[in-house]
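Participant: Dropping a structure here in C-alpha cells format, bear with me for questions.
The values are calculated or read from the model by the stated rules, or taken from the named source; none is laboratory data. Not measured: the values here are computed from a predicted model. Cβ coordinates were reconstructed from backbone atoms using ideal geometry, including for glycine residues, and neighbour counts include every protein chain displayed. The protein model used for the area step is the full one, side chains on, heavy atoms only, and it has no ligands, DNA or RNA in it. Shrake-Rupley method; radii C 1.70, N 1.55, O 1.52, S 1.80 Å.
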Amino acid sequence: MDSKMAITPKGLKFMIAGVLVMIAGFILLAGGASNDPEVFSWDIFNFRRLVAAPIVILAGIVVTILGIMNKKGE
C-alpha cells in the first residue's frame, strides 16, 4: 500500500496561499457600518467592497483549486 500524501508539498503551499488570499478578501469586505442605526452609511457601496474584495476572494478560490489539482510530477 502506498502511503504518499494525495497533495504535494507544492500544492499544499498553493492551498495555504489561496486561503490567506481569501482571508484578505474577507478583510477588505468588512466594515462600512454606521454608529447610529438611524443613519444610512453609503460606505457599504464603495469600490473596495463591491469590486475589489470579491475579485480577491475569487482569486483565492482559484489559487486553492490550482493547489488541489496540481500534478504530482510538477
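Participant: Sort out which residues of region 1-48 are open to solvent by 100 Å² or more (accessible area, probe 1.4 Å) and touching a residue at least 24 places away in the same chain (Cβ under 8 Å), and write them in order of number.
Facilitator: Lys13, Leu20, Phe26 - these are the residues of region 1-48 that are open to solvent by 100 Å² or more (accessible area, probe 1.4 Å) and touching a residue at least 24 places away in the same chain (Cβ under 8 Å).
Participant: Looking at (1) open to solvent by 60 Å² or more (accessible area, probe 1.4 Å); (2) among the aliphatic types (A, V, I, L, M); (3) touching a Phe, Trp or Tyr at 6+ places or on another chain (Cβ under 7 Å), which is the one condition that is false for Val63?
Facilitator: It fails just one condition, (1).
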